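Peer 1: My structure is below; once you've seen it, I'll send some questions.
The values are calculated or read from the model by the stated rules, or taken from the named source; none is laboratory data. Just so we're clear, the structure is a prediction, and the values are computed from it rather than from any experiment. All Cβ positions, even for glycine, are placed from backbone atoms using ideal geometry, and neighbour counts span all protein chains on display.
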Amino acid sequence: MPPAIKSSSMSTSRRAAFSVRSAAATKPSATAPKRSTVKRSAPNKIPAVASGSGAATRRASKRRELEEFAKTFFKYSQIYEDMAVTLRDHPDELQGAHERQSKIVLEDRGRGPQTLEQIHSRLAILAARCDIIPQSIDDRLAVCFASMEYAQILLDAIVSHPSRPFSDRLEFMRMVTQMTRKSLNLPPAPAELPRLAKFIPDDPIIRRVSAKDLKQWRSHPKELLRKAFISHDAIRRVFLISDYCVKEVAGHCYEVRFEDCGPDVFTFSLADVLGMVAEAEFVTNA
């Protein structure tokens, strides 16, 4: 969603916090044998979006892809957590191992993957490092570094790639959050934002916004006034075009309200609003 200028001081901050500890890769110990029992499945190949003939097919394909990303991210985050727990009982040995592994980290710093082929190659190496049977504190720390780097590359180089919309990252974070809550036996996070204002009926009649609609509203911007839409960028969100004006410098501008933001008002340009409604559902009985 495009940036907006907030026009009210009554806003409540609704920012999703999600952070990943970054670390460079480490080389596994030469004495560490490969796992002889059942290995963790390492999804080294990042799935691609399957082509579809319609918008529904593309959305379903995108969701499956993001689910795979989220499962992989959660897996390597969990490997880190499980391995880190085993290090807490060895504080003295850990200090020395950290110094040794830090030197390896510094050697690898600045040589991160650039192309997609390099990214796949790097992830395969990291997956193999995470699959060893640790024989020493150094091995355990190496697994920690490798699993953290795997998760970091997946988030930064794949999910957050500039070619992807920001909504992909939001949906990805929501999925990871749900997986984390489930693993901790916590109830699922709410599927919808709170409804602090009501702009549409409980049983809205909706349709997709057409190219003809966009052409009409671009030619007659005032016709968007008082129209309501439902966005599905990561999470369902209802918004209303509450006011319209033409500014001397900014040109056509709209005031937009969101049901989850109550009385708060946000200002968008004509281009921004057309971009928002193009991906939304038009509520015809609002």
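Peer 1: Check Ser219, Ser183 and return the single one that is among the polar types (S, T, N, Q) and either more than 28 Å from the chain's Cα centre (by Cα) or more than 30 Å from Phe74 (Cβ to Cβ) (or both).
Peer 2: Answer to the selection: Ser219.
Peer 1: Here's a follow-up. Kindly indicate the residue of the stretch 51-97 that is of a type in the set (Lys, Arg) and in a helix (DSSP H, G or I) and also farthest from Leu184 (Cα to Cα) among those meeting that condition.
Peer 2: Let us first name the residues in the stretch 51-97 that are of a type in the set (Lys, Arg), namely 58-59, 62-64, 71, 75, 88.
Keeping just the survivors that are in a helix (DSSP H, G or I) gives 58-59, 62-64, 71, 75.
Working: Arg58: 32, Arg59: 29, Lys62: 27, Arg63: 24, Arg64: 23, Lys71: 15, Lys75: 14 Å.
Filtering the stretch 51-97 for residues that are of a type in the set (Lys, Arg) and in a helix (DSSP H, G or I), the one farthest from Leu184 (Cα to Cα) comes out as Arg58.
Peer 1: Now for a different question. Against the conditions (1) modelled with pLDDT under 90; (2) surrounded by fewer than 13 Cβ atoms within 10 Å (Cβ to Cβ); (3) under 18 Å from Phe74 (Cβ atoms), where does Glu171 fall short? Just the number, please.
Peer 2: Looking at each condition in turn, Glu171 falls short on (2).
Peer 1: Now for a separate question. Mind telling me which of the residues Arg140, Arg122 ends up being in contact (Cβ under 8 Å) with a residue 40 or more places away in the chain, of a type in the set (Lys, Arg), under 15 Å from Gln78 (Cα atoms) and in the same structural domain as Thr86 (by TED's automatic domain parsing)? Write out each step before concluding.
Peer 2: Values: Arg122 fails: under 15 Å from Gln78 (Cα atoms).
Result: Arg140 is the single residue among Arg140, Arg122 that is in contact (Cβ under 8 Å) with a residue 40 or more places away in the chain, of a type in the set (Lys, Arg), under 15 Å from Gln78 (Cα atoms) and in the same structural domain as Thr86 (by TED's automatic domain parsing).
Peer 1: Hey, another quick one. With respect to Ala211, determine if the residue is loosely packed, with under 11 Cβ neighbours inside 10 Å and not assigned by TED's automatic domain parsing to the domain that holds Arg63.
Peer 2: yes
Peer 1: Filter the stretch 243-265 down to the residues that are small (Gly, Ala, Ser) and over 21 Å from Leu196 (Cα atoms), then identify the one that is modelled with the lowest pLDDT.
Peer 2: Step one: of the stretch 243-265, the residues small (Gly, Ala, Ser) are 250-251, 262.
Pick out the ones that are also over 21 Å from Leu196 (Cα atoms) and you get 250-251.
Values: Ala250: 87, Gly251: 92.
The residue in question is Ala250.
Peer 1: If I go through the stretch 132-173 residue by residue, how many of them are under 17 Å from Ile104 (Cα atoms) and part of a helix (DSSP H, G or I)? Step through it out loud before you land on a result.
Peer 2: Filtering the stretch 132-173 for residues under 17 Å from Ile104 (Cα atoms) gives 136-150.
Restricting the remaining residues to those that are part of a helix (DSSP H, G or I) gives 137-150.
Qualifying residue count, the stretch 132-173: 14.
Peer 1: Could we say that Ile137 is surrounded by fewer than 14 Cβ atoms within 10 Å (Cβ to Cβ) and either farther than 27 Å from Arg236 by Cα or β-branched (Val, Ile, Thr) (or both) here?
Peer 2: Details: surrounded by fewer than 14 Cβ atoms within 10 Å (Cβ to Cβ): no; either farther than 27 Å from Arg236 by Cα or β-branched (Val, Ile, Thr) (or both): yes.
No.
Peer 1: Which members of the stretch 243-259 meet the condition of being part of a strand (DSSP E or B) and surrounded by 17 or more Cβ atoms within 10 Å (Cβ to Cβ)?
Peer 2: Tyr244, His252, Cys253, Tyr254, Glu255, Val256, Arg257, Phe258
Peer 1: Something else now. Can you tell me which residues in the stretch 201-227 are touching a helix residue (DSSP H, G or I) at 6+ places or on another chain (Cβ under 9 Å), outside any helix (DSSP H, G or I) and modelled with pLDDT of 95 or more?
Peer 2: The answer is Lys227, and nothing else.
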